[in-house]
Amino acid sequence: MVMVQSFSTERYRRRRIVNRTVLALSIAATVFGLFWLAWILWTLLSNGIASINLQLFSQMTPPPGGKGGLLNAIFGSVLMTLVGTVAGTPIGILAGTYLAEFSYGNKFGQVIQFINDILLSAPSIIIGLFVYELLVVRMGHFSGWAGCVALAIIVIPVVVRTTVDMLNLVPNALREAAAALGTPKWKVITMISYRAALQGMLTGVMLAVARVSGETAPLLFTALNNQFWNTDLDRPMANLPVVIFQFALSPYDDWQQLAWGGALLITAAILLLNIVSRSLANLSNLK
Amino acid sequence: MSGQNVADKLFFGATVGFACLVLLILCGVIFSLVSGAAPALRTFGFGFLTSEVWNPVTEKFGAAVPIYGTLVTSIIAMIIGIPVSFGIAFFITELCPPILKRPLGIAIELLAGIPSIIYGIWGLFVLAPILQSTVQPFLINTLGNIPVIGNLFAGPPLGIGVLTAGIILGIMVLPFITSIMRDVFETVPPMLKESAYGLGATTWEVAWNVVLPYTRVGVIGGIMLGLGRAMGETMAVTFVIGNAHRIATSLMAPGATISSALANEFTEAVGDTYLSSLIALGFVLFVITFLVLTAAKIMLIRLQRQTGS
C-alpha cells in the first residue's frame, strides 16, 4: 500500500512539473512574440522620428545624396490606394453579396468562395506579375493605372471575405420580415442586409486599405517609381513602399534617413487604420 | 411591379457577374503566367526546374537555386513559427486572464499588420548586424563543430543570408498561424475539456490529449496557411537574403528565393529569355503556393464540417 502511495505521488509530481514547464514555455512564447513587435516599433520610432518634419511633406524625393522629402511618394501612394480601393470595394461587395445572399451554398458559390480564399493568401508578387503582363506589357510602359489595378485586385478578396462574413451574421428574421411585406429582393439586401452589416463591411474596407497601403512587390512591377511630381496616372508613379525599398538599399545616408521616415509614416498609418477598424468592429458587436 | 422585377434581375446579374470576376482573376493569373513563361519553358524544358545555372550573360537560366532557397527559408520559418505560435495560442485560449485576451489579440493582429517592407528594413539594419556579431559566431563555434550538421553552420558570419531570412519569415508567420490556432482551439466544446479536467488532467494534458487531437486538422491547416505565406513573402526576404544564385550548404551563406529573385531582377531584366525565365519562376511559385494553400483550405473546411460551425 505504501509502495503504491509513493509511486502515485511521484507520478503526480512529475505531471505537475511537466505542466508548469509547459505553462512557463507558453508564457515565454507570448513574450517572445510581443518582444518583436515592441522591438520593430521602437526601431522605427527611434530611426524615423528625426525625419518627420515639414520638409518630408513638402518636398520631392531628392536625387542621390541630396536633401528632400517624400511629397510625391506620399501623394502617389494615397492616390493609388484610393483609386484601387474605390474600384475594388464595390466589386468585392457585390461578389460577396452573391455568395452570402444568392448562392445558398451551391457548387458555384463554393468554388468562388474557395478561389477567393486562395487569392486572399496568394503572394502579392504574383498579382504584380499578372498586372505587368496584362497592362504594362500591352501599354509598353509602367503606369499609375497599372498600380491601381494591382491594388484593386488585392482589395477584392479582402472585401469579399468580410462582406460574406458580415452578411452571414445578419439574422434571417430581418430578411424574412422585409420579404413578408412584399419587398423585392434587391431592396431587402440594400436596405436591410447592408444596413445591418454596414459597420462590419466598413471594417473590411479599412482592413483592405491597411493591407494595400504597405504593398511593395506588386507596385514594383506596375507603377514603378518617379522622382518627380506627377499627377498623371498614365505615367510611372512614385509611391512610399517602392521609394523606401530603393532608398533603404542605397548607399546614401540622406536617402536611408528618408527611408526610415517613410517607414515610420507608413507603419503609423497602417497600425492606426488597424486599431480604428477593429474598435469599429467591436462597436458593432456590442450592439 | 415589373420595374422591381427588372431591378431584381439587374442586381442579381451584377452580383453573379462580379462573383465570376473572382474566378476570372484566377484564370487570368494562370493564363498570363503560363503565356509569359512559355518562351523560357520551351527553351529550357523540364531542365528549367533542375538546373542551377542562372546566367543573364549567356542567357542560361534554371530555377533550382531559388526553389531551394524558398524551401529552406520556409522550413526555418516553420521551425521557429510553429512552436511559438502554438505557445501563444495555448496561452491565449487556456491560461490568459480574460482582461489580457483582447489586448494580446490586438498585438498579434498588429504584428500581422506591419508591412513586409518594414520587416525588411528592420531586418537589414537592426537584426542582421546583431546576428552577425553574436548569434552567428556562436552557432559557428558550437554547432559548426558537429560533424554532419556542422556544414549547415560553416563559413563566415555575414549577417545577411538564408538563416536571417528564415528567422524574419518565422516572425512574420507567427501572427497568421497563431490566430488560426487560437480560433480552432476555441471550437473545442467546453464539455470535452471539462470532463478531462474532471478526471484530474492538468492544463497541459487537456491541451495535448484533448484539444490538439480534436483540432488536429485545423492546426495543420493553419500551419500550411503560414507556410504558403512564408513561401510567397517578398520584400522582407529580398532585403536580407543577399541575392546570390548558388546553392550553399551553409545556412549562413547568401542565397535567393523565387520572390527575392523576382523583386531584385525583374525591373532590370533585359532580353526576352531573361524576362520570360523570371516569369517562369513566378509561375513555379504560384503552383507551389496554390497547392499548399489549397491543402490548407481543404483541411480547415474539414474541421468546420466536423464541428458543424
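Observations, loosely collected:
- Calculated from backbone phi, Karplus (6.51, -1.76, 1.60) coupling profile of segment A:53-69 in Hz, x at Gly/Pro: 8, 4, 4, 4, 9, 10, 10, 7, 5, x, x, x, x, x, 9, x, x
- Gain on full extension, evaluated as 0.36 nm per residue between residue A:280 and residue A:257 minus their Cα-Cα distance, stands at 4.8 nm.
- Simple point charges give the picture: +1 on the Cβ of Lys and Arg, -1 on the Cβ of Asp and Glu, and for segment A:1-95 a dipole about the Cα centre of about 700 debye.
- Label-reachable residues, segment B:184-216, where backbone N falls under 20 Å from a point 7 Å from residue A:20's Cα toward its Cβ: B:200-208
- For the peptides A:218-225, B:195-202, the ranking by packing is A:218-225, B:195-202, with the highest mean count of neighbouring Cβ atoms within 10 Å listed first.
- Selected from B:191, B:78, B:252 as most flexible by GNM, with chain B as the system and alpha-carbon contacts under 10 Å: B:191
- Total charge dipole magnitude, the protein assembly as shown, about the Cα centre, Cβ charges on Lys, Arg, Asp, Glu only, Debye to nearest 20: 1520 debye
- Most mobile of A:48, A:65, A:200 in a GNM of chain A (Cα contacts under 10 Å): A:65
- For the set A:107/A:185; A:107/B:297; A:107/B:193; A:107/B:9, the pairs lying more than 27 angstrom apart at their alpha carbons are A:107/B:193.
- Relative contact order of chain B, pairs being alpha-carbon contacts under 8 Å that are 6 or more residues apart, as %: 27 percent
- As a proxy for reagent exposure, ranking B:192, A:54, A:99 by other Cβ atoms within 10 Å from fewest up yields A:54, B:192, A:99.
- The charge dipole of segment B:23-134, taken about its Cα centre with unit charges on the Cβ of Lys, Arg, Asp and Glu (plus for the first two, minus for the last two), comes to roughly 100 debye.
- Between the listed residues B:103, B:188, B:51, the Cα displaced farthest toward the positive end of the dipole of the protein assembly as shown, a dipole computed from Cβ unit charges relative to the Cα centre, is found at B:188.
- Where labels lie 7 Å past Cα in the beta-carbon direction, separation of residue B:304 and residue B:20 in nm: 2.5 nm
- Chain B, helix-only ellipticity at 222 nm - DSSP H runs n ≥ 4, -39,500 (n - 2.57), divided by all residues, nearest 500: -23000 deg cm²/dmol
- Taking B:232, B:13, B:28 in turn, the Gaussian network model of chain B (Cα-Cα springs below 10 Å) assigns the largest fluctuation to B:13.
- Dipole orientation for the protein assembly as shown: of the candidates A:172, A:135, B:18, A:172 has the Cα lying most toward the positive pole (charges on Cβ; Lys, Arg +1; Asp, Glu -1).
- Dipole axis of segment A:11-119 (+1 Lys, Arg; -1 Asp, Glu on Cβ), positive-most option in A:82, A:36, A:95: A:36
- Sparsely packed loop sites in segment B:37-142 (the GluC sites (Glu not before Pro) outside DSSP H, G, I, E and B with at most 13 other Cβ atoms within 10 Å) comprise B:52, B:59.
Here, each number is a calculation from the coordinates, and none is a lab measurement. If you're wondering where the values come from, they're calculated on a predicted model, not measured in any experiment. Ideal geometry is used to build each Cβ from the backbone, glycine not excepted, and the neighbour counts take in all protein chains shown.
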